[in-house]
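One structure is given below, encoded as structure tokens.
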Amino acid sequence: MGASGLASALANCINLSNLTLNLFQNKIGDEVTLGLSSALANCINLSNLTLDLSYNKIGNEGTSGLGSALANCTNLSNLTLDLSNNSFGAIGTSSLGSALVNCINLSNLTLDLSNNSIGAMGASDLGSALANCINLSNLTLNLYDNYIGDVGAQGLGSALANCINISNLALYLVYNYIGDKGLSGLGSALANFIDLSNLTLDLGYNKFGAMGASGLGSALADCINLSNLTLRLMYKQFICFGL
């Protein structure tokens with residue numbers, strides 16, 4: 001009743017431009033998420049949205065519905081969406097990504113999908129969708145523990161390479177079974193970010209070795225405007241400035 005009542009109330013706030021909503025760990029499932037989504041779809045004037053739905057029980061249906069709602073928020077310029085530790089997979093992720101394409105004014109996006117089951121297909125589809133968000137300049141993407149593997153890493157990287165206006169990028173891909181092939185492919189994609197000035201790349205606890213790390217390093221050498229780099233590989237952390 002609590003979350004549903006809140007959703008009903010929000011549906012009437014059609015002039016909202018800034019909204020921060022924290023529903024962390026509330027046992028929210030698809031049904032309540034769909035109700036909340038319907039309400040958000042009416043908030044067409046939103047420009048800044050922070051929504052924390054982490055540690056709930058949201059599946060593909062709820063995630064897809066949330067994406068459809070956000071697609072109506074075409075004035076969004078800043079979006080922080082935390083859906084970590086839920087129960088959705090590739091279908092929900094793909095639907096969410098496709099919907100974000102309609103947020104044509106989006107310039108700052110923080111998306112936390114960690115500890116779900118999006119897999120290689122979900123990661124690739126998400127990347128392809130984000131590639132159409134041509135005004136993105138700041139992107140933080142957390143896909144921790146999602147089994148994306150080499151195929152997912154390559155697909156994500158290839159798609160994101162089209163986001164040529166990104167200047168600040170943070171990718172958290174810990175615990176994703178990424179090997180040498182996936183890491184090299186990701187590195188090749190990053191080489192296309194010619195305007196990239198700040199990069200955080202967390203690849204701890206994956207399956208790559210010296211070959212993949214070397215390929216990544218060679219690719220990063222092409223990021224000529226990179227000024228701040230935080231690179232985490234396995235158990236080590238390297239922070240370099242003034243590259």
> Out of region 5-46, which residues are surrounded by 14 or more Cβ atoms within 10 Å (Cβ to Cβ), part of a helix (DSSP H, G or I) and among the polar types (S, T, N, Q)?
Replying inline: Thr33, Ser37, Ser38
> Would region 47-54 turn up any residue that is crowded, with 19+ Cβ neighbours inside 10 Å, part of a helix (DSSP H, G or I) and touching an Asp or Glu at 6+ places or on another chain (Cβ under 6 Å)?
Replying inline: no
> Just checking, how many residues over region 107-135 are at pLDDT below 95, over 10 Å from the mean Cα position of the chain (by Cα) and within 25 Å of Asn22 (Cβ to Cβ)?
Replying inline: 1
> So which residues in region 94-116 are more than 16 Å from Leu136 (Cα to Cα) and out of contact with any strand residue (DSSP E or B) (no Cβ under 9 Å at 6 or more places or on another chain)?
Replying inline: Ser94, Ser95, Asn115
> Consider Leu139 against the criteria (1) in contact with a Cys (Cβ under 8 Å, 6 or more places away or on another chain); (2) closer than 20 Å to Ser94 by Cα; (3) part of a loop (DSSP other than H, G, I, E, B); (4) not hydroxyl-bearing (Ser, Thr, Tyr): it satisfies all of them except one. Which criterion is unmet?
Replying inline: (3)
>> Given the options Leu40, Leu49, name the one that is under 19 Å from Cys103 (Cβ atoms) and within 17 Å of the chain's Cα centre (by Cα).
In response: Leu49
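When you go through Asn206, Asn176 one by one, which is the residue that is buried (at least 17 other Cβ atoms within 10 Å of the Cβ), modelled with pLDDT of 90 or more and over 18 Å from the mean Cα position of the chain (by Cα)?
Every option except Asn206 fails the conditions.
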>> For region 81-111, give me each residue that is of a type outside the set (Asp, Glu), surrounded by 20 or more Cβ atoms within 10 Å (Cβ to Cβ) and not in a loop (DSSP other than H, G, I, E, B).
In response: Leu81, Ala90, Gly92, Thr93, Ser94, Ser95, Leu96, Gly97, Ala99, Leu100, Leu109, Leu111
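The values are calculated or read from the model by the stated rules, or taken from the named source; none is laboratory data. Computed from a predicted structure; not experimentally measured. Positions of Cβ are backbone-derived with ideal geometry, glycine not excepted, and every protein chain shown enters the neighbour counts.
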